[in-house]
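Notes follow once the structure below has been shown.
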Amino acid sequence: MRLGVNIDHVATLRQARGGHEPDPVTAALAAQSAGAHSITVHLRQDRRHIQERDVRLLKEMLSIPLNVECAATPESLETVVSMRPLWVTLVPETREELTTQGGLDVAFLQSHLRQMIRDYHASEIRVSIFVDAVAEQVKTAAKLEADAVEFNTGPYTDLPLTTNPDSLLAALKENCRLASRLELGVLAGHGLNLRNVGPIASVPEIMELNIGHSIVARSVFVGIEQAVREMLKAIREPDIFSQ
Ligand code: PXP
């Protein structure tokens, strides 16, 4: 299983003072040298953390794949196409939210998304869609010829420690199997940390986890390279840090 590291919150810290430090590009290169398999950035419409300059530099400097998360809007399409990352991940986005809330409603937006996916493909950009673990969403993503789905693990990671996660995990696993049968790449992410990643890392169909906040938070204490290595260990040995 691969680890994609989301470095948005390095940029959040930089934007807090409006200067140059810490630089998310430097953080991405450090994550890469620690063994990260890809880097994700969310180019939000309000540019609250990642800036276009970051994406352009990352594209030039990384030797691992770059995945740009963005809203499914014509403006984002135009910007991201000009940057040519290997992957784009389409997410729902509102200005008020602190972080992405839930998956994109692919079934509802399908007529809008069909052409958008074609436009990304015409620029040789692979398309992943952030979805909730719901069969209708997965089937529609396959019908629209998306390349992958990223399952929203938020409902699982938000559960209180005292609540049994089994039924949520069962639904996630079933939808991972469905996505794999439909020949979609399968990713997952949101809210994952050293304590809760084990059961998700054990799902055989998932090829990559996208993890941001917990790695950047941990890096304040141990540095980003160590934080990435710890997460890689937690993914490879799922019982090691579990709850
Ligand atoms: N995947 C998607 C689609 C996201 O929007 C985010 C948050 O930016 C993540 C993964 C990473 O979530 P977290 O920062 O909670 O690890």
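The values are calculated or read from the model by the stated rules, or taken from the named source; none is laboratory data. Keep in mind it's a predicted model, so treat the numbers as computed, not measured. Please note: Cβ atoms are built from the backbone with ideal geometry, for glycine as well, and neighbour counts cover all protein chains shown.
Close contacts from segment 140-162, counting a first residue that is closer than 11 Å to Leu184 by Cβ and a second that is within 14 Å of the ligand (Cβ to nearest atom) and of a type in the set (Phe, Trp, Tyr), with Cβ to Cβ under 9 Å and a gap of 6+ residues or different chains, come to Asp147/Trp87; Ala148/Trp87; Val149/Phe130; Glu150/Phe130; Phe151/Phe130. Scanning segment 46-82 for residues that are charged (D, E, K, R) and within 15 Å of the ligand (Cβ to nearest atom) returns Asp46, Arg47, Arg48, Asp54, Glu69.
Among the candidates Ala201, Ala227, Ala146, single out the residue that is within 26 Å of Pro85 (Cα to Cα), at pLDDT 95 or above, within 15 Å of the ligand (Cβ to nearest atom) and surrounded by fewer than 22 Cβ atoms within 10 Å (Cβ to Cβ). Only one candidate qualifies: Ala201. Can you say whether Ala170 is over 16 Å from the mean Cα position of the chain (by Cα), in a helix (DSSP H, G or I) and over 21 Å from Ser128 (Cα atoms), as far as the supplied structure shows? Answer is yes for this residue. Of all residue pairs spaced 6 or more apart or on separate chains, those with beta-carbon atoms under 7 Å, a first member in segment 186-199 that is over 20 Å from Val91 (Cβ atoms) and a second member that is of a type in the set (Asp, Glu) and away from the ligand (no atom under 12 Å from the Cβ) are Leu194/Glu230; Gly198/Asp239. Close Cβ contacts (under 8 Å, 6 or more residues apart or on different chains) running from residues in segment 51-62 that are touching a residue at least 40 places away in the same chain (Cβ under 8 Å) to residues that are not aromatic (Phe, Trp, Tyr) comprise Gln51/Ala11; Asp54/Ala11; Asp54/Pro24; Asp54/Val25; Asp54/Val41.
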